[in-house]
Amino acid sequence: MSTSLRRFLITRLLLTIPMVLILVTIIFFIMRVLPGDPIRSQLGPRVSEEQANDIRERLGLNRPLYVQYFDFLWDMITLDFGNALTQGERPIRDELGERLPATIELTIPAITFTAIIGIFSGAFAAKNRKKPIDYSIRLLSIIMYSIPVFFMGLLFQIIFSVRIPILPLSGRMDTLMLVNFNSRTNFYTIDAILSQNWPALGSVLLHLVLPSLTLGLALSGVFVRLTRVNMIEMLQSDFIVSGRARGIPENRLTYKHALRNTFIPIMTLLGLQFAILLAGAVLTETTFSWPGVGRYLVERIQLRDYTAVQATIAVFALFVALISLLMDVLYAFIDPRIRY
């Protein structure tokens, strides 16, 4: 590893720490400022003040604010987020351990659909610039980006689950299969493969189609536009013009040479979108009753569960920071100019 690359990686890693710290600090104090009482949200208005104070004392909510803040930072460093104020004071690590794999399992095929549809449609539109197919692709990209994701999800459910019942309506697996399904990692696809439960694997994959396709189509419109703009500029560059003069086939120039050189801005957006999806595709998870982290966060916010919300946001921040760091490292390997 060269000195410039090592210096770049160390600097980028050090900048990640204050970014995460600032985000979790803002969330910590915002949750304390907002009105509402998590104890009464969980137990109802009939609980006596004495009982509520006993619960607050046990959970540490009566301690000074700065003590709670430093305890929270220590819990985040040790990855021990304590117990949720709701859900019977269950450990938050266990809850996130169940929800996070569901979100990851939804996000990976969704971002794959986004990349395949968006990048190749944008490249094809750039290759056929100012032709009818170019205008059609651009119009479709605007439509896909404009349609609310929950509406698109409901539309797919009506078409492919109600009118033409070929795909499941919601959930991660058929209910009857789920009763006898042994999940060790909470990644249902991995668990089904490890146990060689092929009917369960088929059910999991079928349940993934509609939510991941909904997310993929909703995000692909941005990538169509981004890829097309960068490809048009790249197709007019000197090395592409020289390639045409040498008789290199247009498809090879477009999809091998020009597209490869437009990947840095595309990868930037792709990495950010992947981090955002990991942070919770709330509307999609709600529409398809998907038990992921985004839906969990909304539920905990409604219940004013301080500890669960803080822990979930901290996990989000770590994911975003790590993916951003990974993207920067990848750029540094692809384009050495970024290191200086």
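The values are calculated or read from the model by the stated rules, or taken from the named source; none is laboratory data. Everything numeric here is computed off the predicted structure, so don't read it as measured data. Here the Cβ is made from the backbone with ideal geometry for all residues, glycine too, and neighbour counts use every protein chain on show. Side chains included, ligands, DNA and RNA excluded: accessible areas come from the protein's heavy atoms. Shrake-Rupley method; radii C 1.70, N 1.55, O 1.52, S 1.80 Å.
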Subject >> Distance-filtered residues of region 242-275 - backbone nitrogen under 16 Å, label point 7 angstrom along residue 333 Cα→Cβ >> reply: 263-264, 267-268, 271
Subject >> Carbon/sulfur fraction of accessible area - the chain, other protein chains in place, 1.4 Å, % >> reply: 66
Subject >> Low-density loop positions, chymotrypsin sites (Phe, Trp or Tyr not before Pro), region 183-252 - DSSP coil, at most 10 other Cβ in 10 Å >> reply: none
Subject >> Distant-in-sequence amide H partners of residue 83 (H built 1.01 Å from N, under 5 Å) >> reply: 92
**OP:** For region 205-286, state which trypsin sites (Lys or Arg not before Pro) are in a DSSP loop and have at most 11 other beta carbons lying within 10 Å of their beta carbon.
**Re:** 246
Subject >> Hits among aspartates and glutamates - C-alpha to C-alpha of residue 131 under 18 Å, sequence gap 8 or more where chains match >> reply: 233, 250
Subject >> Mean separation of Cα contacts under 8 Å, 6 or more apart, over the residue count of the chain: relative contact order % >> reply: 29
Original post:
Which trypsin sites (Lys or Arg not before Pro) from region 77-181 combine a DSSP loop assignment with at most 15 other Cβ atoms within 10 Å?
Top reply: 129, 130
Subject >> Label-point separation in nm, residue 326 to residue 159, each point 7 Å along Cα→Cβ >> reply: 3.1
Subject >> the chain: most fluctuating residue of 177, 231, 267 per GNM, C-alpha cutoff 10 Å >> reply: 177
Original post:
Which value in nm describes the separation of the simple spin-label points at residue 104 and residue 179, placed 7 Å from the Cα toward the beta carbon?
Top reply: 3.0
Original post:
Per residue, how much accessible area does region 232-289 show when a 1.4 Å probe rolls over the protein heavy atoms, in square angstrom?
Top reply: 52
**OP:** Go ahead and set up a Gaussian network model of the chain, Cα springs under 10 Å, then flag whichever of 206, 14, 318 fluctuates most.
**Re:** 14
Original post:
Using a simple spin-label model with points 7 Å from Cα along the Cα→Cβ vector, what separation in nm is obtained for residue 238 and residue 194?
Top reply: 5.6
Subject >> Residue-wise HN-Hα coupling along region 70-82, computed from phi with Karplus coefficients 6.51, -1.76, 1.60 (Hz; x: Gly, Pro) >> reply: 6, 5, 5, 4, 5, 4, 5, 5, 8, 6, 10, 8, x
